[in-house]
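Report on one structure; see the data block that follows.
The values are calculated or read from the model by the stated rules, or taken from the named source; none is laboratory data. Worth saying up front: this structure is predicted, and the values here are computed from it rather than measured. Backbone-built Cβ (ideal geometry, glycine too); neighbour counts: all protein chains shown. Quick note on the areas: whole protein, heavy atoms, side chains included, nothing else; ligands and nucleic acids left out. Shrake-Rupley method; radii C 1.70, N 1.55, O 1.52, S 1.80 Å.
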Amino acid sequence: MPTKTQQDIDRYARDLNPEVYTSVYGGTKATTEKRHDVLFHDYPDPDLLRRTAGEVKQHTLENLDTYLPKAEAALKANGAQVHFAADGDAANRIILEIMKANGAKSMVKSKSMVSEETGLGHFLEDNGMKCLETDLGEFIIQIDHDHPSHIVKPIAHKNRRDIAKSFEREGLGDYNDDPATITRRAREFLRGKYFEADVGLTGANFVSAESGRLAIVTNEGNARFCMAATPIHIGIVGIEKLIPHDRDLALFTSLIGRSGTGQHLTVYTQFINGPRRFGQPDGPEQMHVVFVDNKRTEVLASNCREILRCIRCGACLNVCPVYRQASGHAYRSVYPGPVGAVLSPLLAGTRFPELADLPKASSLCGACNEVCPVNIPIPDLLLRLRDKAKTEHAGRAMKGTPPMGMYGLLASQPHAWRAAMTMGAAMNLTPNAVMNIIPPAAAWNSCRQLPKWRGGKFRHWMKERGKN
Amino acid sequence: MTNPQRTVPAPKKVQLMATCLCDAFFDDVAVATVQVLEYLGVEVGFPADQTCCGQPAFNAGDWKASRKVVRHVVDTFKGEDPVVVPSGSCAAMLFHGALLEFENEPDLSEVKQLANRSWELLDYIVNGLGVREWPGSFPHRVSFHRSCHLRGTCSGPAAMNLMKSIDGLELATFGEAEQCCGFGGAFSVSHPNISARMGELKLEHIIAANPEYLVAADMGCLLHLGGIVDKSGIELPRLHVAQVLRDALVSANLLPAA
Ligand code: SF4
């Protein structure tokens, strides 16, 4: 039964199309189970691995001022050009400039969350450039003018019937919802585009400070195509993606596939450390790496800095019971789910109050922390942000939450507390109709029944036996 | 969320924090906790000034109000004796949550001192006192809901193993056991639709396993799940692990029946 609610995510979940719910719930549940099977089958102590990876990442973040220049120097030595963007707009402008300087008109783009964050695709289109998404999910998002709802599976909210309809509408063949046919049609359409494009853009999952090597993992091989057929490769990378050494890549590539999709390894794993060298038969002639800050240094200075360890595997989304009920779009931001509930309000900067309700949308069950390959204490960070929202009077966050001032007073005064415990028995006599005038009680009673009040009984029992 | 600093209890003397939920609704759980501990030869003190652990305000984001309550807890539970709590989430509030909200407070060390000797009941019995087997019988099929705040601690496995050692007790496992029941304190009223659906999903899985009792080690979960069960008129009695242990003792005449 639908219940009145004041929080946006709760409303979104309440009104969610049942088909979307089924897609999201089914997909996330299956992936969570696969993750568990693979990880525990492959390693005797996956928790140790998670904790180690978390420590490596934390160490890198704390020494970013050393590792970033190191990566820059290594990349330059490899012949790549390195750019730094303070925010999303700066990143977009740098990329546009690179295109203009080379007379480029079109881009094929591999999946990248940071480009999602900067709104790169739309920015380029607005500036007269063509930009085509080549990841199948992102491609569908693009033709549907939609937004990703998951960081690994952008179309977690769609089923194959939705996709077949989109393909039919776009003239990519008659209605056919066989997944193999859908994939083949997309491949046929996209293949020619790689050759026509002037620029190929990718993200990077990890960047080794030691060698400047970009590690890119995909399951479709499209990132590889974006680099193989175009003369210019641009890598857009959040500064938190650094790791100290090449050898660390073994740990992280092992964890990302197993955690995110339950694969031992993603189908394609590429390491790129520079443009085509003399004597090499193919590959881009120019390579640019754009390191994006976009509030990351602010996050690093905050008490939620651990969130920057995130390697965007999506495991926390998959296991999260709130994400499963609400889907990714409920989070109104680029990063949904538990990681998004922390990261999105932080990346919003001065617009923090607009997203300050996201950390409230969690029962704090801790499942996200338990699966996170870099052991981010997400519940702790959600709690810190709740405190921040309250302290900074972000009204949106507090909606529907009972005020706690009275509780604080009562629970720190034992006499008043004991009296309330005994008097609470009156609740048993209070008709629900009266109770429901108090909003939190109404929300509770709409779907649950309170047990009988028995305040004072235990204390009485303790006292009586003390007398014997 | 384990309590990494905990010191192994030497003297068998503890202070019981009954929790506000047992104080208000579930007095028999608190009674059973005392009986079980006393059976193990533990002397149980009950500071009468105790109220609540501070968790409701902590989770609601009002850390100022919560710290006021935690300071009261620190005052009330002074000394060196372990503080034992029959609730995973309240125990975690003492040994983990309180440390978070006192990070930058001048009295952090006092909060730490309390955190280091705070235990969830089953963790105390199994990992603290070293109890591995339980006498008596409980000839029933039970489903054990591993409350979220027992995650990563030794309490979940501790409770399961101890219950498995009881004669006649049959554990009925169920699907998606890692998922939360949907309570989450203030979350249950601020996000009532999601909270209730999480609870219903959990109950669907549990009911499919056909248990006679639903058992947990946190009355928060059982307040919520029980609330849904009672509202919909399904028959599913709930018990805290302490009550199961107590009933087993009664069956073996190790405790007089109530
Ligand atoms: S927070 Fe952890 S689990 Fe979630 S996406 Fe990031 S790395 Fe994966």
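Within region B:191-202, the set of residues being touching a residue at least 40 places away in the same chain (Cβ under 8 Å) and within 7 Å of chain A (Cβ to nearest Cβ) is empty. Scanning region A:204-243 for residues that are open to solvent by 10 Å² or more (accessible area, probe 1.4 Å) and among the acidic types (D, E) turns up A:E210, A:E220.
Among the residues making up region A:398-417, those that are more than 7 Å from every other protein chain (Cβ to nearest Cβ) and assigned to a helix (DSSP H, G or I) are A:M398, A:M406, A:L409, A:L410, A:H415, A:A416.
Of all residues in region A:172-196, how many are of a type in the set (D, E, K, R) and over 17 Å from A:V108 (Cα atoms)? Outline the logic, then answer.
In the first step, residues of region A:172-196 are kept if they are of a type in the set (D, E, K, R); the result is A:174, A:177-178, A:184-185, A:187-188, A:191, A:193, A:196.
If we keep only those that are over 17 Å from A:V108 (Cα atoms) too, we end up with A:174, A:177-178, A:184-185.
Of the residues in that region, 5 qualify.
Selection of helices (runs of 4 or more DSSP H) fully inside region A:8-82 by the criterion of at least 1 residues being under 19 Å from the mean Cα position of the chain (by Cα) and not assigned by the TED database to the domain that holds A:T266 returns A:8-14, A:18-42. Scanning region A:211-233 for residues that are in contact (Cβ under 8 Å) with a residue 60 or more places away in the chain and within 27 Å of the chain's Cα centre (by Cα) returns A:G212, A:R213, A:L214, A:I216, A:T218, A:E220, A:N222, A:A223, A:F225, A:C226. Identify the residue in region B:53-89 that is polar (S, T, N, Q) and free of Cβ contacts under 8 Å to residues at least 40 places away in the same chain and, among all such residues, is surrounded by the most Cβ atoms within 10 Å (Cβ to Cβ). Of everything passing the filter in region B:53-89, B:S66 is surrounded by the most Cβ atoms within 10 Å (Cβ to Cβ). Residues in region A:352-362 that are open to solvent by 10 Å² or more (accessible area, probe 1.4 Å) and either in a loop (DSSP other than H, G, I, E, B) or within 14 Å of the ligand (Cβ to nearest atom) (or both): A:S362 only.
Pairs are defined by a Cβ separation below 7 Å, a sequence spacing of at least 6 or placement on different chains, a first member in region A:371-393 that is within 24 Å of A:T52 (Cβ to Cβ), and a second member that is near the ligand (Cβ under 10 Å from one of its atoms) and assigned to a loop (DSSP other than H, G, I, E, B); the pairs so defined are A:P373/A:I311; A:P373/A:C313; A:V374/A:C310; A:V374/A:I311; A:I376/A:C310; A:I378/A:C372. In region A:316-351, which residue that is buried (at least 24 other Cβ atoms within 10 Å of the Cβ) and of a type in the set (S, T, Y) is farthest from A:L383 (Cα to Cα)? Among those that are buried (at least 24 other Cβ atoms within 10 Å of the Cβ) and of a type in the set (S, T, Y), it is A:S327. Residues in region A:117-136 that are over 21 Å from A:A186 (Cα atoms) and either crowded, with 19+ Cβ neighbours inside 10 Å or of a type outside the set (D, E, K, R) (or both): A:E117, A:T118, A:G119, A:L120, A:H122, A:F123, A:L124, A:N127, A:G128, A:M129. Among the residues of region A:302-309, not a single one is over 28 Å from A:G200 (Cα atoms) and touching a Gly at 6+ places or on another chain (Cβ under 7 Å).
The number of residues in region A:23-66 being without any contact (Cβ under 8 Å) to a residue 60 or more places away in the chain and hydrophobic (A, V, I, L, M, F, W, C) comes to 3. Taking A:K57, is it modelled with pLDDT of 95 or more and in contact with a strand residue (DSSP E or B) (Cβ under 9 Å, 6 or more places away or on another chain)? Yes. Is it the case that some residue within region B:59-67 is within 14 Å of chain A (Cβ to nearest Cβ) and part of a loop (DSSP other than H, G, I, E, B)? Yes, that holds for at least one residue. Under the condition of being crowded, with 17+ Cβ neighbours inside 10 Å and closer than 21 Å to A:G455 by Cβ, the residues counted in region A:392-409 number 4.
Checking the stated criteria, A:H393 turns out to be more than 16 Å from the ligand (Cβ to nearest atom) and on the phi > 0 side of the Ramachandran plot. Test B:D49 against the stated conditions and say whether it is within 7 Å of chain A (Cβ to nearest Cβ), assigned to a loop (DSSP other than H, G, I, E, B) and either in contact with a Leu (Cβ under 7 Å, 6 or more places away or on another chain) or surrounded by fewer than 22 Cβ atoms within 10 Å (Cβ to Cβ) (or both). Taking the combined requirement at face value, the residue satisfies it.
Taking A:A156, is it open to solvent by less than 30 Å² (accessible area, probe 1.4 Å) and farther than 26 Å from A:P284 by Cβ? Criteria met by A:A156. Does A:C313 satisfy being surrounded by 24 or more Cβ atoms within 10 Å (Cβ to Cβ), within 14 Å of chain B (Cβ to nearest Cβ) and either under 24 Å from A:G26 (Cβ atoms) or at pLDDT 95 or above (or both)? In short, no.
With respect to B:K112, is the statement that it is open to solvent by 50 Å² or more (accessible area, probe 1.4 Å), over 27 Å from B:A248 (Cα atoms) and in contact (Cβ under 8 Å) with a residue 60 or more places away in the chain true? In short, yes. Looking at region A:347-362, is at least one residue under 16 Å from A:I151 (Cβ atoms), more than 7 Å from chain B (Cβ to nearest Cβ) and in contact with a Cys (Cβ under 9 Å, 6 or more places away or on another chain)? Checking region A:347-362: not a single residue is under 16 Å from A:I151 (Cβ atoms), more than 7 Å from chain B (Cβ to nearest Cβ) and in contact with a Cys (Cβ under 9 Å, 6 or more places away or on another chain). Of the residues A:A13, A:A90, the single one that is of a type outside the set (S, T, Y), surrounded by fewer than 20 Cβ atoms within 10 Å (Cβ to Cβ) and under 30 Å from A:P353 (Cβ atoms) is A:A90. Every listed requirement among (1) in a helix (DSSP H, G or I); (2) among the aliphatic types (A, V, I, L, M); (3) modelled with pLDDT under 95 is met by B:A177 save one, (1). What are the residues in region B:148-179 that are open to solvent by less than 10 Å² (accessible area, probe 1.4 Å) and not aliphatic (A, V, I, L, M), if any? Result: B:S155, B:G156.
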